[in-house]
Amino acid sequence: MAAADKEPHASAVRPRSYQDESYLHGFLETVGDLQNDGAFQDIILEVEGRRFPCHRLVLSAASPYFRAMFTSDMAESRQKTVVLQGLNSGMFGEILSYIYSGTLHVSLDKVQPLYQAADLLQLVYVRDTCSSYMVENVKVESSTCVDLYKFADVFSQAIVLKRCQQWIVRHFTEVASSEEFCSLSVNQLTEIISHDELDVKEETTVWEAVVRWVQHSREDRQCHLPSILPHIRFNLLTSDDTAAILEHPLVREDPGSSEVIRNVVQKGNSNLKPRFGMTTEMALLSTESWSNHVLAINPEAGSFYEIGHVDVDDDDVDDDDDDERYLNQVLAKAVTSDNDIYVLTEASTLAEFEEEKFSLYKYNEVGNRFEQKSSVRRLRGDGRPRVEHLVEAGGDLYYLNRLVDRSSGREYVTMEMIRYNRHTDQWHSCPQLYLKGRYEHDNRYGGIIKKYMVVSCGQQIYVFSSAEMHRYDPSQERWSWLTIPRHSPEFCTAVTMGTEIFCAAPGFSKMMIYNTEADSWQELPVLGQIDEEGLLDSKYPRFFVLGDKLHVMFSYREGMSGSPTSLVCVYDRSTATWSDLRLPKALPTEVGQCVSPFPVARMYLPYFKADQIMYT
């Protein structure tokens, strides 16, 4: 009975595990001391004639390469001295220092041979640390970047390769004039000059770089010219430029190169986009007064363009039935990561409009026109003003619309979403989002009308209001809850810049920033300091990001009877101040109440015709 009484008490005492951190560090220090003292060493590794006495046990614990060597039937497992091939003795000394101390010393002059040694010896931490170090130091100088680019290509280091390529294409003129540029392989050269992001103002710069590369070793490289030439964008060259290239000695003396150029010019490949350096970054907007037009603006440069109105193609309707034509209203716009412009419109024809369908159009900058993609049935609505959203995430486009359902007698609000695959031109269903926040009553529309911001950031979609915040992960096809400030204002505009989301309340009464990495909010200074003339009476500011700077646009009227015009201000993050850009001419449109931000695209201005230039 006494034993039984003790049993519950004994079972309540649970075992615990303890970890002695000082022992772990002390053990490694002791092993290092044994190595320094030359105690208990049982193997000698010889690299380039230099001898390194070591411990088999320590080497096997640190490296799968040595573990396989000393525990298998290999001859090295029985030898007292093992000669290692393919290693630099200096780098192997650095490797041993890391194995016995846990500390790695990396510098730009030895990062590549150190990586090679770590790759051979299967030391993952050393290899990954070298990769990270290379990525951090890509921007040192063009010669270093080209050298790292070639090294990353040989060892298939995708992250380093991508970062080097990004730097090279953005500094192409500088890189192309360096001696290291001429050391690129033909495949590396064509990979670089094929890039859309090449920062050159004229395509002749690309041709001149190719000439320099070929002439560096003409006897060996002349044969590669026919395979390189198709990567030059002859559609961006004038006829005089093309004629000059055909007369160049490299081409004139090689019939194969001349034939390639003539074939490329004859085909006229219009799918080859203008290079990054040939384009101008512009914000895209459309409003009620220009419902089926898209305007491209660069307020800092004082440039406004009409990039085409969205109307049904002649091939899409019966020419004998004018009633079939339907003037599209632009509902939402998006610019993809590869600079493709898409717009969502109410319909293409009256028949589609009556069937509650919407149409998707893609902008063709060569003809300055919108080309229709697929149509799909519009998500069901509740009769209130709609606010459609179109965003890109994970390479696909997503259409979102807030809906209210009263069919069950209770009011349920959801954010419906469907996904568009740009490669297959097909729409697909997605998980809907149930919105649970508080809602306000608006007498103008006889019911609930609450604005929800929708933006994409870091390949994910964010949906939020003053009451709740959600994030959609396309890779998981799942929604998750996020943090919202306790006293959050009603937001009327939001835009992504880097890993942050900037938001503002109507009338610019409050401005907040959400850090997507830290899941935290911060309040920022508002625009009051520039409102000396009392112009900012608009309730609906609109954000956009141009030149990596936050911009805001307002509509206002000069006087009670004045016509609507626009004010654009830019934010200086370092001083937390706004400045008025003082537009040289009023933008012929009003900002309107739409909550979607203005997407930004890079436009090739030579494609615009004279009648499409509103002013520059």
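Checking the condition over 46 Å from the mean Cα position of the chain (by Cα), modelled with pLDDT of 90 or more and not in a strand (DSSP E or B), which residue from L45, L57, L34 passes?
Only one candidate passes the filter, namely L57.
Which residue out of S359, S348 is modelled with pLDDT of 80 or more and out of contact with any Gly (no Cβ under 7 Å at 6 or more places or on another chain)? Spell out how you get there, then give the answer.
Details: S348 fails: modelled with pLDDT of 80 or more.
Within the list S359, S348, the selection yields S359.
Among residues belonging to the range 236-265 that are within 14 Å of T204 (Cα to Cα), buried (at least 17 other Cβ atoms within 10 Å of the Cβ) and not β-branched (V, I, T), point out the one that is nearest to the chain's Cα centre (by Cα).
L236
From (1) in a strand (DSSP E or B); (2) among the hydroxyl-bearing types (S, T, Y); (3) not assigned by TED's automatic domain parsing to the domain that holds P541, pick out the condition that doesn't hold for T496.
Evaluating T496 over (1) in a strand (DSSP E or B); (2) among the hydroxyl-bearing types (S, T, Y); (3) not assigned by TED's automatic domain parsing to the domain that holds P541 leaves (3) as the failure.
With the requirement that a residue be surrounded by fewer than 18 Cβ atoms within 10 Å (Cβ to Cβ) and β-branched (V, I, T), what does the range 39-95 give you?
If the condition is that a residue be surrounded by fewer than 18 Cβ atoms within 10 Å (Cβ to Cβ) and β-branched (V, I, T), then I44, T71, T81, V83 are the ones that fit.
In the list S194, S183, S227, which residue meets the criterion of being farther than 22 Å from E259 by Cβ, polar (S, T, N, Q) and surrounded by fewer than 17 Cβ atoms within 10 Å (Cβ to Cβ)?
S183
State the number of residues belonging to the range 489-516 that are in contact (Cβ under 8 Å) with a residue 12 or more places away in the chain and out of contact with any strand residue (DSSP E or B) (no Cβ under 8 Å at 6 or more places or on another chain).
Counting residues in the range 489-516 that are in contact (Cβ under 8 Å) with a residue 12 or more places away in the chain and out of contact with any strand residue (DSSP E or B) (no Cβ under 8 Å at 6 or more places or on another chain) gives 4.
Which of the numbered conditions does L87 fail, given that it passes all the others? Conditions: (1) under 48 Å from the mean Cα position of the chain (by Cα); (2) assigned to a helix (DSSP H, G or I); (3) not small (G, A, S).
The number of the failed condition is (2).
Kindly provide the set of residues from the range 124-138 that are in a loop (DSSP other than H, G, I, E, B) and in contact with a Phe, Trp or Tyr (Cβ under 6 Å, 6 or more places away or on another chain), ordered by number.
Answer for the range 124-138, where residues must be in a loop (DSSP other than H, G, I, E, B) and in contact with a Phe, Trp or Tyr (Cβ under 6 Å, 6 or more places away or on another chain): just V138.
Output the residues belonging to the range 14-32 that are touching a residue at least 12 places away in the same chain (Cβ under 8 Å) and of a type in the set (A, V, I, L, M, F, W, C).
L28, V31
Show the residue pairs meeting these rules: Cβ distance below 8 Å; 6+ apart or different chains; first residue within the range 135-148 and outside the structural domain of R170 (by TED's automatic domain parsing) and over 15 Å from S107 (Cα atoms); second residue of a type in the set (S, T, N, Q) and not in a helix (DSSP H, G or I).
S142/S178; S143/S178; V146/S178
The values are calculated or read from the model by the stated rules, or taken from the named source; none is laboratory data. Just so we're clear, the structure is a prediction, and the values are computed from it rather than from any experiment. Quick reminder, even Gly has a Cβ in these numbers, built from the backbone with ideal geometry, and neighbours come from all protein chains shown.
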